[in-house]
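The values are calculated or read from the model by the stated rules, or taken from the named source; none is laboratory data. A quick note: this is a predicted structure, and the numbers were derived from the prediction, not measured. Here the Cβ positions follow ideal geometry from the backbone for every residue, glycine too, while neighbour counts run over all protein chains shown. Heavy atoms of the whole protein, side chains included, go into the accessibility calculation; ligands, DNA and RNA do not. Shrake-Rupley method; radii C 1.70, N 1.55, O 1.52, S 1.80 Å.
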Amino acid sequence: MRIGMTLSYSGGFRDAVAVLGDYEKAGLDIVFVPEAYSFDAISQLGFIAACTERLEIASGILQIYTRTPSLTAMTAAGLDHVSDGRFTLGIGASGPQVIEGFHGQPYTAPLARTREIVDICRTVWRREPVVHEGRHYRIPLPADQGTGLGKPLKLINHPVRERIPILLAAIGPKNVSLAAEVAEGWMPMFFHPEKAGAVWGPALDEGSARRDATLGPLDVVVSAPLAIGDDVDDLIDLARPQLALYIGGMGARGRNFYNDLARRYGYESEADTVQDLYLSGRKEEAAAAIPEDLLRATSLIGAASHVAERVEAFRAAGVSTLRVTPVARTHERRLADVELLKSWAL
C-alpha cells in the first residue's frame, strides 16, 4: 500500500513545498496537487519536481473540459520528463458549477469525453501520428470545420514513458466502471470501506471484465485525514467542513454527485439535512450535521490501535494508495504519523 498526501498550501505554497522533503524522508510515496478554481496545478507540480528526488507527483485532479486532449498529453509528458518519470496524470470531470461557472464551458458528456481523452493521450505518448475520429474530438480537424490545412502530427519529443499512469476521479457507477476498464487507477471521494463493495462493487466488476491485462491491477486511491495518538480524537471534527461542502454545496439540488453518494451509503435523510442547511447559508450547522459514523469511517484519526484497524479495513476493501491529509497539531507529529502509517502499509 502506497502512502500519498494532498499538498495543502493554504498557508503558502512555497512553505508547503519546503517541508515536502521531510515527508519524503518519512516514507511518503506520492503527493497530489489539486486544481479547482485555484492556481493551476501544472506550474506547481513542475516546482515540486525540481524540489524533490524520489517522491512521485500527481495532478489531483485536472478537469477535462478546458485543455485539449493533445495539450493534456503534452503537459503530462512534460511533467514526466522534468520529474524523471515520476508523474501520474489524475483527471476528472469536476462539476457544472466549476466548468460552467468559472470556465464558461458546457458540462456535457463527461463519460464519453473521458474515454476519448485517455485514448488520445496514449496515442500522443506512443509518438504515433494523432488521428482520432470521435464524437467529441476529431483530430486533425476536418477540412469543413477549419482551413483544411490540418494534418496528423506526432509528438516531437521522446517521452520518458510511453504509458504515463492515468487516475480517474469517479463516483458514479458509469464513471467508476470506466475507470476500472481504461485507467491505471481510480480516485473515489470519502470512501467508506465497509460500504464500498455494495456501492461500487458491481461497477468495478463490470469495468474490470473489459480491462486490458497490460494495465495491471487497478490502483485504488482513497483520501482520509490522518492523526494518530490518544489525544487527537477532537481533530476528527476538522473533516466536517469539507464533507459539508461536498455533500451540501458542491452542486444544486438534484445535481450534486456527492450528495447522491451519501444517499447510496444509506444517509438519505442526513444528506437532505446537510444540503438544506448548506444551501441556506448555515454552513457551520451543516458541518455539525455530518453523520458521526460516516466521519469516522472515512478518517484515520484516533489511537494507534484504532488507526491500524482502519488501515486494515481500507486494505481489505481493495485500497492500494492512502492519500492522507496529516492534521496533527505540530509538524513533528504529522511526520511521525506518516512514518508510522508507512510502516503499517508495508
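Built from the Cα atoms of the chain, the convex hull projects on average onto 17.6 nm², one quarter of its surface area. State whether segment 55-175 is rounded, prolate or oblate according to the following rule on the C-alpha gyration tensor (a ≥ b ≥ c being the square roots of its eigenvalues): a/c under 1.5 gives rounded; otherwise a/b larger than b/c gives prolate, and the remaining case gives oblate. Oblate shape, in that a/c is at least 1.5 and b/c is the bigger or equal ratio. Computed from the alpha carbon atoms alone, the convex hull of segment 41-88 holds 62 Å³ per residue. Here's the picture: charge each Lys and Arg Cβ at +1 and each Asp and Glu Cβ at -1 in the chain, and of S223, L204, Y258 the one pushed furthest to the positive end of that dipole is L204. Summing Lys and Arg as +1 and Asp and Glu as -1 over all other residues whose Cβ lies under 12 Å from the Cβ of G90 gives a net charge of -3.
Accessible area per residue of segment 2-89 at 1.4 Å probe, in Å²? Per residue, segment 2-89 has an accessible area of 40 Å².
Ignoring any ligand, DNA or RNA, what whole percent of the accessible area of segment 238-346 comes from carbon and sulfur when the probe is 1.4 angstrom? C and S fraction of accessible area: 53 percent. Over all other residues within a Cβ to Cβ distance under 13 Å of Q63, the charged ones net out to -1, with Lys and Arg as +1 and Asp and Glu as -1. Compactness of segment 212-346 is given as radius of gyration and Dmax, 16.4, 49 Å, from Cα positions.
Largest first, the residues S208, S320 sort by 1.4 Å accessible area into S208, S320. Note that segment 136-268 presents 49 Å² accessible area per residue, ligands and nucleic acids not counted, probe 1.4 Å.
Label separation (A313 vs K283): 2.9 nm, computed from points 7 Å beyond Cα along the C-beta direction. Heavy-atom accessible area for E285, with the other protein chains in place and a 1.4 Å probe, reaches approximately 90 Å². Once you sort the root eigenvalues of the Cα gyration tensor of segment 213-274 as a ≥ b ≥ c, which label holds: rounded (a/c under 1.5), prolate (a/b larger than b/c) or oblate (the other case)? In terms of gyration-tensor shape, oblate. Each peptide among 29-38, 227-236 gets the average number of other Cβ atoms lying within 10 Å of its residues, and from highest to lowest they stand as 29-38, 227-236.
What a 1.4 Å probe finds exposed on segment 61-172 is 55% carbon and sulfur by accessible area, rounded to a whole percent.
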